[in-house]
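The values are calculated or read from the model by the stated rules, or taken from the named source; none is laboratory data. Since the structure is predicted, the reported quantities are computational estimates derived from the model, not experimental observations. Glycine also receives a Cβ, built like all others from the backbone with ideal geometry; neighbour counts cover every protein chain displayed.
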Amino acid sequence: MKHVTIVCDGSSLGNGKGNPRAAAVALLGFKGFWKAVGRYLGNATNQQAEIAAAALGLEQLTEPCSVRLMSDSRYVIETMGGTWKRKTNHDWWSQLDAAAGPHRIEWIWVKGHDGHAVQEAADKAARKIASEGRVDETMLDDAAAELGTTEI
């Protein structure tokens, strides 16, 4: 079974109010190399964007893997770890459940905005996609390239 690290983050400018612009980003690490993927979500809350980011990362895997999934969202980590109950966002959770199904996942919370290089890169990319309202593949490629062979 391959060992993969996924560091993900979601961003919602407006957080569900007015005309929100949300995005999800996942950085996938395998043997020290990184790939960045992103999705513009449009009208979504920050919690929904965080769930979508985790699902997006897992959806990139083409075979069952052993995954260390890192997020600065306690909402995602504690819910997927079984500590918190699901009260809302059921469609979003269903998407994450489907993406997580084939894998063995260790759900790890990382403090946001605390100097974690990969988490900071995911956060920056998610905010940029949300702000621009579109996915910029070059920016994602650059974000992954800047990480080089960073190990976590």
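Kindly indicate whether any position in segment 6-20 is surrounded by fewer than 20 Cβ atoms within 10 Å (Cβ to Cβ), over 11 Å from the mean Cα position of the chain (by Cα) and modelled with pLDDT of 95 or more.
No - not one qualifying residue is present in segment 6-20.
Could you go through segment 26-33 and let me know if any residue there is in a helix (DSSP H, G or I), within 10 Å of the chain's Cα centre (by Cα) and within 23 Å of ASP136 (Cβ to Cβ).
Checked segment 26-33: no residue is in a helix (DSSP H, G or I), within 10 Å of the chain's Cα centre (by Cα) and within 23 Å of ASP136 (Cβ to Cβ).
Would you mind finding the one in LYS35, LYS31 that is closer than 24 Å to GLU146 by Cα, touching a residue at least 40 places away in the same chain (Cβ under 8 Å) and surrounded by fewer than 24 Cβ atoms within 10 Å (Cβ to Cβ)?
LYS35
Which count do you get for residues in segment 1-25 that are within 21 Å of HIS113 (Cβ to Cβ), touching a Ser or Thr at 6+ places or on another chain (Cβ under 9 Å) and either part of a strand (DSSP E or B) or of a type in the set (Asp, Glu) (or both)?
13
Among the residues of segment 131-152, write down those that are surrounded by 12 or more Cβ atoms within 10 Å (Cβ to Cβ) and hydroxyl-bearing (Ser, Thr, Tyr).
Correct list: SER131, THR150.
Filter segment 44-86 down to the residues that are of a type in the set (Ser, Thr, Tyr) and touching a Phe, Trp or Tyr at 6+ places or on another chain (Cβ under 9 Å), then identify the one that is nearest to GLN119 (Cα to Cα).
Among those that are of a type in the set (Ser, Thr, Tyr) and touching a Phe, Trp or Tyr at 6+ places or on another chain (Cβ under 9 Å), it is SER71.
Kindly provide the set of residues from segment 103-115 that are touching a helix residue (DSSP H, G or I) at 6+ places or on another chain (Cβ under 9 Å) and either free of Cβ contacts under 8 Å to residues at least 12 places away in the same chain or not charged (D, E, K, R) (or both), ordered by number.
HIS103, ILE105, TRP107, ILE108, TRP109, VAL110, GLY112, HIS113, ASP114
Can you pull out the residues in segment 54-73 that are out of contact with any Ser or Thr (no Cβ under 9 Å at 6 or more places or on another chain), of a type outside the set (S, T, N, Q) and either surrounded by fewer than 22 Cβ atoms within 10 Å (Cβ to Cβ) or outside any helix (DSSP H, G or I) (or both)?
Scanning segment 54-73 gives GLU59, LEU61, GLU63, PRO64, CYS65, ASP72.
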